[in-house]
Structure formats: structure tokens, C-alpha cells
1. In nm to one decimal, list the spacings between the residue C:167 label point and its equivalents in the other copies, with label points set 7 Å along Cα to Cβ, shortest first.
2. Once the Cβ-Cβ distance between residue A:65 and residue A:195 is put in as r, and R0 is 22 Å, what FRET efficiency do you end up with, to the nearest 0.05?
3. Obtain the nm distance between the two label points defined at residue A:261 and residue C:153 by a simple spin-label model: each point lies 7 Å from its Cα along the Cα-to-C-beta direction.
4. For segment D:77-190, what is one quarter of the convex hull surface built on the Cα atoms, given in nm²?
5. So if we plug the beta-carbon distance of residue D:50 and residue D:287 into 1/(1 + (r/R0)^6) with R0 = 25 Å, what FRET efficiency do we get, rounded to 0.05?
6. Within 10 Å of each Cβ in peptide B:232-242, how many partner chain Cβ atoms are there on average? Round it to a whole number, please.
7. If R₀ is 56 angstrom, what is the calculated FRET efficiency for the pair residue A:246 and residue C:175, using the beta carbon separation as r and rounding to 0.05?
8. For segment B:61-113, what is the Kirkwood hydrodynamic radius in Å, using each pair of distinct C-alpha atoms?
Ligand SMILES: Nc1ncnc2c1ncn2[C@@H]1O[C@H](COP(=O)(O)OP(=O)(O)OP(=O)(O)O)[C@@H](O)[C@H]1O
Ligand SMILES: Nc1ncnc2c1ncn2[C@@H]1O[C@H](COP(=O)(O)OP(=O)(O)OP(=O)(O)O)[C@@H](O)[C@H]1O
Ligand SMILES: [Mg+2]
Ligand SMILES: [Mg+2]
């Protein structure tokens, strides 16, 4: 860190999108070889700031200095040439290309200047880069789109690390990873730091910030709030800077009665993906489902919900066998499903909040197939209020909402059906700390009313903090059931990596 | 406020285009703004508009239907066949419309159950339907249809001085407008086109929605075909060729996105009017047919680009 | 292993289709498997194949080009014009190809810079190019072209007993195969079609890739047009109409996804062969042209569905 | 009779009385999307059947290069005589040369060829048909009229030739004025709407010449809708069944009959002679007929 001029210095940055000011007079500086956290609520402007830095967006005002020299990048390629590389928040994998093709996209290795690619060399380097991250189970010829989100994320990280970057921006790199991958990522980050590489680290996971970062800059509503040394600050202080008030306890107090079993799954199997899946959920209970990436948890939930066909097994609701062949059957029975991939599977991005919420509730808001505007508006406004969705109103396109508020819309559309059983798959992925707490509060309210909840999550503190019982999966099979009081980080991880049933 | 403005700009973009073209034609030709020409124009537009209404639904679900023209020919030929066999005209028309529904459903089933991309599925049925029509008619027009007042009415009649096809088009427009805007089915059409997976996971049977949408288009195409048949008092085996292009153009000029999920049927009506006005105006001005093609293509491009700008 | 099998199944799906069709035709018609018919067939296929090669690139970028047929007519007419003016045939052909490149670039620029959906942009230029062709030729064929050996060679010549257009097609196939598979440009084509935003973030100039892709298609279409011109020794103003449909069908039958990002040019060659074999075979079997359309549509559907199954 | 592979039917019941009924005739039609050519084909097929000849038909769909492929395919099948109804006179030459190379005699039907060797040509000429239409209209209206010309597909040869013949007559007369000429693509529906639009701008019309009957019938509907049919002379082309009955009903004034059925029949007759080595004239005219009431 020894040098006097910081590597990156951004001052008085302004940025608006069609009249909506997203960054206001923001300052931001990164030293050589430091790991600098960038935090703020959903929509605070973190990603935008990074995009302004790397030339994806052009700033309206302000100065960017690289190594003390004023610089303006007009496209990300220029930034890359100056050693600045970004691992973007949204995955930038081209689904139909292979792993190595993705790794070298835009910087293919060629025979001299011919434009003819050296594919052998690219594959070799792909294997090496992945190995550096401790990943050995991804073949360079696999089609990237067929890999789980987590593996895709690892490819992106490997791709960034393969360049001789001086600064790597990581915009929520761990949102789709589980603890083991995060561990190996942190090891690499550590060694990069030793080599003098700087890192801008964006995350909503507080533990990570304290574990690896040197300094932190906080944004709120597009405004610069402050920069602190991690060593000199605290969890509470950072949260207060982010949300502008005390947030209180991280997981809200649970106050609910656990009742009868309402939902049972017996010996569910889908060949090649999972087998012998048996579990139940009781009224008012939160069943946490833990596991490593690719453990097959999402697949199980999608099969239960009728989105994919099952090969065998039975499902019971209130003790009676039910047949679910299409999500519509599940919806009719009062089962809700919040998917892990809200953009691809949860929302119609181009449509309004109202239309999205109404989608699961078309029956309720219509008479004889004709939608009643008053019923619809009432339902939508009630739900927006209940979940405190921050939006200009029901007519705003969900596309323009921040991640946390999008997630609330997804939850709202399922609350509308007044579910008896609610499946939540990674409900707080990419959601800021304030919104997370709000989601937990909603879950609490539901269980208080007797709803049975199944929550798939890869964030261990969340699983441990919210669940009444924890089911752990490993490679398509259940390896453990743990009660709230007996569960801890260690025994969940043991089961998730295939350790014996406890 | 600003958002409100830009939003409504997008909605009136095509309308402005239409008005500009009409004003230009009004200046260039004295005959353009006569009541008789306006009705004439509307009657001509009605055929393309009806097909384009159906196409709007299809495109909203992110599909496309290239078979409309052949389907129109087949449906009209079969209806004409029923008429020459002496069937009651109303019944024949009704059966004709059902045939259209069924042919459209075939498209829908190939696309959803056969998992064939709409473009290629309807490209194939376009060829097949045309072939069946030629076989059925032996390549010759079917004439000697009904002299019944009812059947003549459909294409040639007037009600309160307004051509009957125009009234038909407007009634159907109002119904479809209502369906898209106010019914569960309409909502499902937008949702399936916006994000099929998310819709399915919300409990919507996307396949069923799609099959209905192609069926609707099939029925409307045959209705358009019956109007033509009634006007010409004969069914042509070659009727409707290339109609798909005008219908798609009307939908897209009207601001509906080919990617699905976004658009409005009012836009389609305006788009059909733009195309109809260009054709009519170029005829009125007696522009050489060579140049007509250039002008028409150019205006379509311009209309679409203007609309993009205003968004 | 299983993955390997399914992977290769997908690749050979269309090939199996082709073989099945060929075997059936071989059994039904004695003339099918003669060397002379095979060369005859390949020469017929070459025109559609060349256009479809370009179309493959376009479709891989998630685009479409409906203007190829009109572009072919315009390019051939202009080339024929140069020839009748006495220009050296090789030079005229070269300029003709450049004209094709430029016309294709116009498509690309309208699509990228004008932000018009490829379908509608090329629908408009399809009409415009045809209009310009008619104006340029005054609606009449251009005849009295060069008697030069060189120009006759292009469409009518033989090298080692193989028709020259076939050789041309194979050479271009090899070049394009190599470009798609082994060059940075090829990779960019796939990337832009697979995820345009991600490609842009990786520093790929998506607009430039697209403009090149349409230019390539323009050039190949004119080359196809020059082959036709040479074979017919005249340029027709109406040449190439509906060629876009056969070209798109070849690409899709060959397994390339209309959504972009996925597909191979080998598939397109096979797709073009399938279409050519059907046309040739139905002629050999003297199937009535009405039934030909039905069979052709049916076989296309079947080929595409079989391919889906094998994936 | 040819060296093309697959011809194996010679022999056996061949040369009885020097007449060979075992003849395979190839017929390449320009388009079957037009009733005129459908009738022509029917005429040919029927009389071939009667004579006991084998006939193979293909449809070029109005595309010269499809026609070339079709003819190549016919040559592959080892036809003994080739009847070609060219899509385009110039463009067909290469195809005919191919047949010449394969020693297959070629007869052109309805439209002639500019190149290649042709044994005979059987036709009634489009251009003189256009002239007949012009003369008829001129006579009906005493050489003074405001005319509408409805053209066929832009750039198609029938459009050019019929239009040319029509203008050969009309352009010479000072008082015959074409006040509108628009294309309706040989299509009845388009004929209707194009005529409607023309009627909106041109009040006074004395006669309509349409390049085919389909468009003429469409125009008649438009005129009827305006109650103008009685005052306007409408002339079509082709004499399709529909048109002939329209003439009988007094709705159409005339149509030029090219007698497609007769063309088809004569073509087969000539083909039979050629195949048996008999001499035929190098032009076999089939009279144009003016069908009037
Ligand atoms: N391309 C764009 N056009 C319009 N508005 C945008 C665009 N990109 C971002 N925004 C808006 O800018 C604001 C800041 O977004 P940004 O993505 O920077 O937030 P963030 O801090 O990264 O949030 P998160 O934690 O959810 O990733 C949001 O209100 C967002 O809706
Ligand atoms: N579309 C797909 N195509 C092929 N394989 C897939 C697909 N989706 C998931 N898989 C595979 O199925 C297995 C189970 O994935 P699933 O997403 O259900 O796991 P998970 O436990 O929810 O993990 P994650 O945390 O990554 O979502 C993984 O091995 C994954 O790679
Ligand atoms: Mg962000
Ligand atoms: Mg998951």
C-alpha cells in the first residue's frame, strides 16, 4: 500500500438515467493492494459506480483518476487494457458456448495476428485457471449454460483472475456460491492481495466484509456516506451508515406455534438428479434446506411444484395424496414457490408490479374471466403496502426496481394466494440487509398464521438463524435432519459435504 | 410526469405517423379525404386488420404465424365448397370459421406439443395449407356461390351507409381490445410472451394459451377470407399469398414487440391503417408500381424508426 | 459417455434425416442415384446453399434476413448491367460482389444503428430492393451478357467433371466452416447471438459483428445470383422471390436455433441438401406440384421434429 | 432414345407400324398458380392419356431458375420429348441447350425461347393478344377513351408482352389516353382494391384492360360496387371459365382466348410426331380468339 497516490480516485461523480439521479457527488478511492468493500442497500448505486469507473456508463460529472492521471474509459475494453477488470453482478456467461470459450471471450488466444484461434492453448489455460480456484470438476468443453449458477460464477471469477489485472472489481461474487467455494475464492483473493492487486468487493454479506476487507465505503441513495477502516468499525456502525437508522437484531424474534403436519413428501425421485427424498413440514414451521451448490435442492422443489416431471414418489397435503402435474395444480392447492432465479423464473420483467402480482391471483381478481380493476388494484396496493415495496406505485415496471424490491414483488405475488405451504428458494440472494430482515419478518408473520415454510438457502447463518428444523442434502440425497437447537455451522457442513447422517 | 409523458409518447408514436402520412396524401390528392374514399380505404384495410388482430395475439406470446395467407385460402375454399353444395350461407360461414379455428389449432399444437419454433412450424404449414387448397380446388377458382343476401352482405353490404366489413372489423376490434385488456386470458397472453417460464411457474398453462392464440388467428384469417370471397363472389386458390407480411408489418408498426409480451391492439389497427393508406394513396397518385414498392418499404422503415425514437 | 452420445446425436440428427430421404428416393426412383443426377442435384442446391450459409451467420446472431431474394435480384441486375456495358467479366463479378456486400451492410446498419428489428428491417429492404431492381431494369430481363468463357464458367462450367457451382459452394463452405469454428470473428458471431449484452461487456463490438454478418449474406446472395445469371445467361428482375424461405428452412432444418447463438454450418449444408433432394425427388417421381407442396412442408416439419427428439 | 441413364423402356412393343406409343413426354409449366396454365396442363395430360403416352409435369412457380432445375430433373428421367412453357424467353435458353446436349427434342409452348434449338413452337402470342385488346377497345369507343390498364406482376413476361401489344395500338391514337396504370399482380383481390382506389381518383373511365381475367374480374366487382359497370368496357385476357361466363352474362365485354386446352392438345400431338421422327412445322399457331357476347 506504500504509495501516496491511490490507484483509483473518483471524485464528485454524478450519474443520472433519464432524469433519475442515481449517483450524487460520490467519492471513492482505492489504494494499491487493498481490498476495499463497497456497501449500500439495493439500488444505492454500487454497481452503477463500478460501471462508470470501467466505461460501461459515462459519468455526467466528476473526475476519475487512475494512478493519479485523469482518465475516461469509453468502453470496458479500455479499462481492461489499464488492468481494471470486473466480475459483474449479473452473470455474463454466454450459455451456448463452452467453458473455455467463455473464459477467453473477447480475448481469444490467436496464432499471431491472424485472428485464428489457438484452441488447445485456451483449453489448457482454462484448466489451469480453474485449478487455481480449487475447481477441478468443470471440464473446459462443457456447455456453460448447462452448469449450475455457482459453477458459472466460478468461471467468471477464473476468467477475471486469468488476466494480469491490477484491480479486480467483484460485484457480489458470492451470491450464488456456497461456503466451500467462498473459502477457495478467499484464499485466491488473499494471494492476489499479496501480489499487490487491488480489489473492490461488493457484497451484502456482512461476515465476508469483516473477514477479508481492509476498508469500506458506504453509499446510500446514490450519496457518499463515508469510508472507514474495517478494523476501526463495527457491524452495527456499518448497518447504521447504510440504512440511516438502527436496524436492531439481525433475525427477528420468532413467536409461533408449530402444529400438525400439513405437507409430506415420500420417496421422491427424479432419475439422475435426486432420490429417496422424504420429509414433512408442519403448520407454522420453517424447514431449512441446506446443501452445497448442485446438491439438487432446487430440482427437488421444482419437481414438487410440478414444473418438472417426477419419476416416482408421493406428495401429501393435509394427509391426503395429491397429484401435481403442472404448477397450476400446486397453486390451486395453496402451494406457493418463490424461485431462486427471480429474473428468469420469477418475474415478467417488462410488466408492471401490478401485472406481476396479479399473475398468480387472476382467479381472485376476476369474475367469469373478466378482471375487476377495483379488486385487482385493491389487492395489489394492499400487498405493496404490507411488504413495503419501494416503488412509485403499482404501475412501475419491475425491471426498474432494485434487486431487493424485485424480490419483495415475487413474495407479494405468492402471499396473494394465501398459501398453506410456501417454498422459498434462496429468498434473500442479492438482497440488502434491511430488506432481508423484512423478508424474515414476513416469514414470521406467515408461520404465525399456520403456513408451513420450506426455505432453501445456501447462506449458513440464514439457515441457522431462521429455521426450526434443517434438512441437509448432498448430491441428490438427504444426509441429515437437524433441529434448531442441535444445528451449528459444523454439523450442517459435515452433512452437506456427504458426512454421515446424524 | 416525465415518465407519464414518455410512456404516452410511445403509445401515440404510430398515430402521429398515420396522421403525417394522411396529411401528406390529403395535400397531394384531392380525392383522398372524400367520405367515399375513406370508406373504401377502411373496407380494404379490414381484411389485413382482421388478420393482423390475430397476429397481434400471436406475436404478444412471442410467436409468429406465417401461414395466415394459406390458411385464409384454404378456409375460404372450403367455405365456398360448402356454399356451392347449397348449404345455408350462415351455417357455411359458421363452419368455415370453425375450420379456421381448427387449422389454427394445428399450428398451435405443432408449436407447443411438437416443440417446433413458430417461424418454421408455420412456414411448413403455409406450404402445406396452400398445397391442400390447390388440391381441393384443382388450382381453379370456385365460383357460383350463394346469391343469398346474407352472404353478399358480408363483403358488399352497408349498414347505415358504412361498409359491413368495416363494421365487422370494428366490432371484432372492440371485443379483442376488451379481451386483451380486461380478461384473464388477455393477461395470460402478455405473461406468456413476457416470460414463459415465470408464467408457467405462476400456474398458467402456457401451451393452452398459445394454442388458443393460433386458433384465434386461424379463425380471423378465415373470416378475412370470407369477406374477400363474398366481395369477389368466388374463392381463389391463390388468395392471401404474402398476406402474412402485411399483417406482421401492421403489428410491428403498431409498436408490438416481436420479442413478445409488449404491445397493444390499438397500435395494430393504426399499423394496418398506415399500410392501407400507403397502398391507397399510391394508387390514387398513380405512382408507378415499381416505385410503389420503394415508397412502401421506405415508409414502413420510417414509421418503425420514428416509433423507436419516441420511446 | 452418455453426454458424448447425446451430443453427437444432436449433431447427426439432420444427417440421418437426409440419408433416410435419400434411401427412400433411391428405392422409389431408378434415376435418383445416378452420378449425373447427383451432380445435377448438387448444382441445383448450390444456389440455396450459398444464401443459406450467409443466413446461418445472420441467424446465429439472433437475426434474420428476408431481403436475400430481392438483394440477389438487384445485385445480379447491376452485375448484368456492367457486363452488357462491356466490362471485363471478372471485374464485373467482383464489383457485383462488392455491391452485395454494400447492400447487406445497409441492412446491418438499419438494424444496428436504426435499432429496427431484423425481421421488419429486412422486410422493408426486401420491398425496396425489389423496387429498385424493377426501376433499374424497367421490369425487363437483362440479356446479351458476356459470351466470355469466364462468365459462362461460373454457372455452366465443369472442373474435373464436377459442375463449377458445386465446387464454388464447397470452397466457400470450407472457408466459412473454418471462420465459424476457428476464428475470433466466428466466436464473436456465436457470442453476440448467445448474449449480446454479455458480449458487449467482454469488449465485443456487437454492432460491427452484425453489420459484417449481413454484409456477408449480401455478398453470398449476389454470388448465388451471379450463378443463376450465368446459367440463364440473363438477369431477371423477378429473380430470387421467396428464396429467403428456402434459405431459412435450410438453416433451421440444419439445427441452428432461430434464437441465435447455437448452430453449425454443416447442418445448413445438410438442410439445403434435404430441401434440394425433396425438390429433385418429387420431380423425379412426377408428384403433382400441388402435392409437392404438401409433401415438402410435411418433410420439413418432420425433419425439424426428429431433430428435436434426438436432442 | 437418349443417352441419359435410366431410360430402359425401349424395345418390346416398340416399332409396330413405325408408330411408337411408348413415349415419355416431359412438360415444364411456368406456373400452376394461374388457372390458364392449369387448363393448358389438363389439356396436355388428357390428350397424352388418350394417346397412351406417359407424361411428366413440373411446375416452375414462375421462377426461371426453378424451371432450369425442373428441366434438368426431366432430362434425368429420360424423357423422349420435352415440352417447355418458358417462364422467360431469354432465361430458358440454357435449359433448352441442356436438352439439346442430351439429344432430347424440345417444343416450346405458349412462350417462345430466344436461344437453343427448338423443333417447333406452339403458341398464340401474348403481344398480338394485347394488340387485339387494344383494337377491340378502340373500336368499341370510336378511338376516343380514357383507359385504365391493370398490369400483372411487375417484371413478369406476360405483363411485358401483353402491355406492349396493348400500347402498340393505343399509343398511336391521340384520343386514347391511359389515365391510370397500376399493378395488381395477376390477383383478383388486388384487382378489386386497385380498381377501387383508381375509381376514387378518376371519375371518368371508359375502358379497363387487365393483363389477365383474374384482375379483370376483380375490377368488375369494383365497377359494380360503384354501379359503373354498364358504362365501362372491360377486357380481360386468358378466357378462363369464369371470364367466359362473365362475358356471357354481359358483365365483361371481352376476353382474349389463348385456348390453353387446345395449346396443350396440339403440343402433345406434335410431341408424338416428333418422337416418331415425323416432320412438323417450326411454328404451330393456335389461334387467338376474341371472346365476346
Ligand atoms: N441502465 C439503467 N437505466 C435506468 N436506471 C438504472 C440503470 N441501471 C441502474 N439503474 C437504477 O439505478 C439505481 C442504482 O442501481 P445499482 O444497480 O447501481 O444499485 P446497486 O447498489 O448495485 O444495488 P444492488 O445491491 O441491488 O445490486 C437503481 O435505482 C436502478 O434502478
Ligand atoms: N438446466 C440444467 N441443465 C443441466 N443440468 C442442470 C440444469 N439445472 C441444474 N442442473 C444440475 O442439476 C443439479 C442440481 O441442481 P440444483 O440447482 O437443483 O441444485 P441446488 O442444490 O439448488 O444448487 P444451487 O445452489 O446451485 O441452486 C446440479 O448438478 C446442476 O448442475
Ligand atoms: Mg448491484
Ligand atoms: Mg438452488
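Rule-based calculations on the coordinates, nothing more; no lab input. These numbers come from a predicted model, not from an experiment. FYI the Cβ positions are ideal-geometry reconstructions off the backbone, even for glycines, and counts take in every protein chain you see.
1. For residue C:167, the other copies' label points sit at 7.1 nm, shortest first.
2. 0.45
3. Those two pseudo-labels are separated by 8.4 nm.
4. Value for segment D:77-190: 8.7 nm².
5. FRET efficiency, residue D:50 to residue D:287: 0.70.
6. That works out to 6 on average.
7. 0.25
8. 11.9 Å
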